[in-house]
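Q: To start, I am sharing the structure in question, which I have written as structure tokens.
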Amino acid sequence: MIRLIASDLDDTLLNRDGQISGVNREVIREAVAQGIVFTIVTGRMFKSAVPFALELGLDRHQPIICYNGALIRRLSGETLYESYLSPELAQAVAEHGRRRGWTINAYFEDELYVAEINSDVERYAAGVQVQVTAVGDLVGFIKDGGRRLAKILIPGPPEDSRDRIAELKELAGPQIEIASSKPHFIEITSANTTKGRALQWLIDFLGIRPAEVLAIGDGNNDVSMLEMAGISVAVGNASSKVKEAAGHVTSPSWEHGVAKAISEFALAPSS
């Protein structure tokens with residue numbers, strides 16, 4: 001029996017217009033009405049994910065997982081778990097990015113900070129609908145406040161990602177976790193911070209067994225949570241790596257794949 005459903009947000013629960021379809025919304029509400037816990041597991045900021053959780057009618061005590069597993073917070077704002085980059089490590093990554101001319105998105109206390117606003121920043125902020133603060137000297141901003149970041153995101157051409165990741169691994173090695181929710185994003189969190197690890201923490205906290213978890217995703221950063229769930233489902237638009245990791249493949253996100261997975265694997269049959 002499924003007791004918890006964990007779903008990625010972008011390109012999984014959300015359709016091509018970045019919205020939750022009526023079909024997905026109603027099926028999720030039906031699952032919650034049957035006593036199943038539904039949680040969002042996303043790379044997004046908490047404030048960017050909350051509107052979707054509220055749209056689903058989730059309870060204010062419901063936890064959601066953000067920043068690829070760096071933060072678990074109830075909708076009420078209570079933080080349950082966090083795993084942040086140290087100021088020194090964040091400074092090193094930001095300094096390397098500055099020397100290389102990369103755009104660096106820094107996430108501190110659920111706000112987004114950058115050195116300057118450019119087209120990459122504008123595109124990202126519009127996509128996730130958050131405000132951005134330009135601080136000029138981003139390295140100094142991190143250093144002066146001893147700020148611990150939830151995540152660093154480096155947007156850029158997909159063809160540059162392989163070389164950039166290699167540089168970052170040489171710079172920080174095992175001190176960081178590198179993920180990619182989209183081909184043009186490089187997402188950096190502290191070591192061993194993944195969606196799967198955070199989901200494991202949450203199910204332990206809730207007293208749920210992995211066999212009682214249904215996980216649904218599309219991106220490479222979803223693989224860790226799919227691997228630890230009792231039932232794992234990739235939406236039809238998922239990457240080949242995700243489809244290989246998942247036990248099942250359903251319809252694409254724009255054809256209500258989440259609703260179909262929940263109906264097939266989680267809902268009790270109607271009498």
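Readers should treat all values here as calculations from the given coordinates under stated rules, not as data from a laboratory. Since the structure is predicted, the reported quantities are computational estimates derived from the model, not experimental observations. In this analysis, Cβ positions are derived from the backbone assuming ideal geometry, glycine residues included, and neighbour counts consider all displayed protein chains.
Q: Amide H of THR250 versus every other amide H placed in the peptide plane: which residues, excluding those fewer than 5 positions away on the same chain, fall under 5 Å?
A: Close amide H contacts, sequence-distant or interchain: ALA234, VAL235, GLY236.
Q: For the stretch 224-235, take each phi angle, set θ = phi - 60°, evaluate the Karplus expression 6.51 cos²θ - 1.76 cosθ + 1.60, and give the result in whole Hz per residue in order, putting x for glycine and proline.
A: Listing the rounded values in order: 4, 7, 5, 5, 9, 8, x, 10, 10, 10, 9, 6 Hz.
Q: Using each residue's phi in the stretch 42-49, evaluate 6.51 cos²θ - 1.76 cosθ + 1.60 at θ = phi - 60° and report the 3J(HN,Hα) Karplus result to the nearest Hz, with x for Gly and Pro.
A: 9, x, 5, 5, 4, 5, 7, 8
Q: Using a Gaussian network model of the chain whose springs link C-alpha atoms within less than 10 Å, name the residue from TYR107, TYR84, TYR124 with the highest mean-square fluctuation.
A: Taking springs between Cα atoms under 10 Å, the residue moving most is TYR124.
Q: Can you tell me how much longer the chain between TRP254 and ALA134 gets when fully stretched, taken as 0.36 nm per residue apart minus their C-alpha distance, in nm with one decimal?
A: Length gained between TRP254 and ALA134: 39.8 nm.
Q: So, one more: For ILE208, ILE65, ILE216, what ranking results if the residue with the fewest other Cβ atoms within 10 Å of its Cβ goes first?
A: If I rank by nearby Cβ atoms, fewest first, I get ILE208, ILE65, ILE216.
Q: Report the charge-dipole magnitude of the stretch 87-190 in Debye, nearest 20, computed about the Cα centre from +1 at each Lys and Arg Cβ and -1 at each Asp and Glu Cβ.
A: Roughly 140 debye for the stretch 87-190.
Q: Looking at GLN131, ALA166, SER190, which one has the Cα that reaches farthest to the positive end of the dipole of the stretch 87-190 (charges on Cβ: Lys, Arg +1; Asp, Glu -1)?
A: Ranked along the dipole, the leading option is ALA166.
Q: Another question, if that's okay. Quick one: dipole size for the chain, taken about the Cα centre, charges +1 on Lys/Arg Cβ and -1 on Asp/Glu Cβ, in debye to the nearest 20.
A: Its charge dipole is roughly 280 debye.
Q: Test of understanding: in a Gaussian network model of the chain with alpha carbons linked when under 10 Å, which of THR103, THR194, THR12 would top the mean-square fluctuation ranking?
A: Its mean-square fluctuation being the largest, the pick is THR103.
Q: Under 16 Å Cα to Cα from LYS143, which lysines show up? Leave out anything in the same chain fewer than 8 places away.
A: Excluding near neighbours in sequence, the set is LYS151.
Q: R0 = 41 Å: FRET efficiency of LEU206 with LEU171, Cβ-based, nearest 0.05?
A: It comes out at approximately 0.65.
Q: Now for a different question. Exactly which trypsin sites (Lys or Arg not before Pro) in the stretch 58-161 are in a DSSP loop and have at most 16 other Cβ atoms within 10 Å?
A: Taking the stretch 58-161 and a limit of 16 other Cβ atoms within 10 Å, the loop trypsin sites (Lys or Arg not before Pro) found are ARG60.
Q: Across the stretch 158-166, in residue order, what do the Karplus-derived ³J(HN,Hα) couplings come to in whole Hz, using 6.51 cos²θ - 1.76 cosθ + 1.60 with θ = phi - 60° and x for Gly and Pro?
A: Listing the rounded values in order: x, 5, 8, 4, 4, 5, 5, 5, 4 Hz.
Q: Moving on. Report the one residue of GLN19, HIS61, TYR107 whose Cα lies farthest in the direction of the positive end of the charge dipole of the chain (charges on C-beta: Lys and Arg +1, Asp and Glu -1; origin at the Cα centre).
A: HIS61
Q: Take every DSSP beta bridge with both residues inside the chain and express the antiparallel ones as a percent of the total, to the nearest 5.
A: 55
Q: I would also like to ask the following. State the answer as a single residue: which of ILE28, HIS248, ILE203 lies farthest towards the positive end of the charge dipole of the chain, with beta carbon charges of +1 for Lys and Arg and -1 for Asp and Glu, about the Cα centre.
A: Checked the options; the winner is ILE203.
Q: Reachable lysines from LYS260, Cα under 27 Å, same-chain residues fewer than 8 places away excluded?
A: LYS260 reaches LYS182, LYS195, LYS241, LYS243.
Q: Separate question: Hull surface divided by four, with the convex hull built on the Cα atoms of the chain: how many nm²?
A: Taking a quarter of the hull surface, the average projection is 13.4 nm².
Q: What is the Cα centroid distance between the stretch 105-150 and the stretch 52-97, reported in whole angstrom?
A: 15
Q: About the Cα centre of the stretch 37-145, what is the dipole size in debye to 20, counting +1 per Lys and Arg Cβ and -1 per Asp and Glu Cβ, all else neutral?
A: So the magnitude is around 220 debye.
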